[in-house]
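Here's the structure, in structure tokens; my notes come after.
The values are calculated or read from the model by the stated rules, or taken from the named source; none is laboratory data. Keep in mind that what you see is a predicted model, and the values were worked out from it rather than measured. Please note: Cβ atoms are built from the backbone with ideal geometry, for glycine as well, and neighbour counts cover all protein chains shown. What goes into the accessible areas is simple: the full protein's heavy atoms, side chains included, and nothing from ligands, DNA or RNA. Shrake-Rupley method; radii C 1.70, N 1.55, O 1.52, S 1.80 Å.
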Amino acid sequence: MSIQRNVDLSCFNSFNISCSSSYYSEIYNVAGLENALDFARQRKLECIILGAGSNILFTCDYQGLVLHIKCLGIDIESADGSDKVLVKAAAGENWHQLVTYCLAGGIHGLENLALIPGTVGAAPIQNIGAYGVELEQFLHQVTVYDMQRQQVLTMNQDACEFAYRDSVFKREQRNQLVILDVTLCLSRSTETNTSYQALQQFLEQTMAVELAKVTPRQVFDAVCLIRRSKLPDPKQLGNAGSFFKNPIISRQRCQLLRSQFPNLPVYPTATTDEVKIPAGWLLEQAGWKGRKIGNVGVHQEQSLVLVNYGQGTGLELLELARAMQESVSALYGIDLEAEVRVI
Ligand SMILES: Cc1cc2nc3c(=O)[nH]c(=O)nc-3n(C[C@H](O)[C@H](O)[C@H](O)COP(=O)(O)OP(=O)(O)OC[C@H]3O[C@@H](n4cnc5c(N)ncnc54)[C@H](O)[C@@H]3O)c2cc1C
């Protein structure tokens, strides 16, 4: 085990915030994790788990121990006589590389989740989702290390309590369970999910593909093209994707709001008595799109994406996020919840 002191974290977070960690350890396996946790226990240090840092905002130097998850490996298990394939990937694998690896091997399902930055181990934390698909649809089980009980456990899909950008790992078990690997149930069938309207339009209009004949490769290509055209690359402009979740409100409340704001867009949720409101629309109406305040700001095309123009601090970004929340609350009475973890 190697524990480093005063490590610069600016390359380990996609906002490119300059900050450091008092202690830092790269974790390659359970033995290394247990040693690092012993070290922290002896010195009464707090720990945080870090993947690729694409959903974290550091607002200060971290005084505890950063456990940087680096476990690697992918195993594929096909069930005889079935289309189903179990893919087990270690937590430190890159998510997008797993998506491309599966696609190249004729294993389908993850195409809509292409190009989401980050690690495999972080994917269940907020039940990553995009273009009409969420991770929970494929999750078979996760292996975790329980830091309190000091043992390795497996959890099935139900135990993860997935919801929209949420899971038990973000709530009751926050910072208690280290995800070691994730097993996904995928398929060799070439069935695709083109339910998301913007994806459908792109396939039909830009790529001139007939929806009935669309292949997983075409869905993958479409998702990559759309994402590259819409989202800033963190290597060029620090960001963490959507900073806020889309709020979910009751249908009753929505009707009241719509009587005041007839153009308010509304999307269905899994339950009939609630609807989802696009946070980006609320922020755009509140005048945030493209605003620049000092070294930070809101992306020119995406009012949900906060950006660091280079020298911005985590506190500047947090202040901006709070001002955005306050203005939406004052205008619409809706509280925006951060999707990004603030440290
Ligand atoms: C340009 C851009 C676009 C994005 N688009 C999307 C999108 O379309 N959909 C979407 O859902 N998200 C999106 N995101 C957010 C981000 O990519 C995901 O949340 C991703 O899963 C974060 O992975 P990470 O490894 O970077 O996690 P980190 O940022 O390192 O960590 C995120 C959280 O997970 C915890 N964590 C990390 N690894 C583990 C582990 N092994 N065990 C336990 N806890 C762990 C951390 O403690 C932290 O709380 C986007 C981000 C960016 C920058």
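Worth pointing out:
- Count Lys and Arg as plus one, Asp and Glu as minus one, and take only other residues whose Cβ is under 15 Å from that of G73; the net charge is then -2.
- Of K70/K170; K70/K245; K44/K289, those spanning more than 32 Å from alpha-carbon to alpha-carbon: K44/K289
- Accessible area per residue for the chain is 48 Å², calculated with a 1.4 Å probe on protein heavy atoms, without ligands, DNA or RNA.
- If R0 is 25 Å, the Cβ-Cβ spacing of C185 and M207 corresponds to a FRET efficiency of close to 0.30.
- A Förster radius of 45 Å, combined with the Cβ-Cβ distance separating R251 from R41, puts the computed FRET efficiency at roughly 0.40.
- With all protein chains in place and a 1.4 Å probe, the accessible surface of segment 97-228 carries 45 percent carbon and sulfur.
- In this simple spin-label model, placing a label point 7 Å from the Cα along the Cα-to-Cβ direction at both D273 and S10 gives a separation of 5.2 nm.
- Label zone at V30 (point 7 Å along Cα-to-Cβ), backbone N below 12 Å, segment 141-166: 143-146, 150-154
- In nm, spacing of pseudo-spin labels at E319 and S195 (7 Å Cα→C-beta vector): 4.3
- Kirkwood hydrodynamic radius computed over segment 184-305 comes to 17.2 Å, based on all pairs of distinct alpha carbons.
- Accessible-area order (highest first, 1.4 angstrom probe) of the listed residues T143, T100: T100, T143
- Where labels lie 7 Å past Cα in the beta-carbon direction, separation of Q97 and E77 in nm: 2.3
- In plain terms, the chain from R171 to I48 could stretch by 42.8 nm, reckoned as 0.36 nm per residue minus the Cα-Cα distance.
- At full extension, E326 and V266 could sit 19.5 nm farther apart than now, given 0.36 nm per residue minus the alpha carbon distance.
- Which of Q63, G287, Q151, positive extreme of dipole for the chain (C-beta unit charges): G287
- The chain - share of DSSP beta bridges that are antiparallel (%, nearest 5): 80
- Segment R149-K235, extension gain: residue separation times 0.36 nm, minus the distance between their alpha carbons: 27.1 nm
- D335 sits with roughly 120 Å² accessible to a 1.4 Å probe, with DNA, RNA and ligands left out of the calculation.
- Ordered by 1.4 Å accessible area with all protein chains kept, S189, S25 run largest first as S189, S25.
- Residue order by solvent-accessible surface for I3, I248, I277 is I248, I3, I277, largest first, with ligands and nucleic acids left out and a 1.4 Å probe.
- Scaling against 2.2 N^0.38 Å puts the C-alpha radius of gyration of segment 1-76 at 1.11.
- From the alpha carbon centroid of segment 79-134 to that of segment 228-270 is 25 Å.
- In units of the compact-protein estimate 2.2 N^0.38 Å, the chain shows a Cα radius of gyration of 1.02.
- All-pairs Cα distance distribution in segment 43-103, expressed in whole percent, bin size 5 Å: 4, 13, 19, 17, 13, 11, 8, 7, 4, 2, 1
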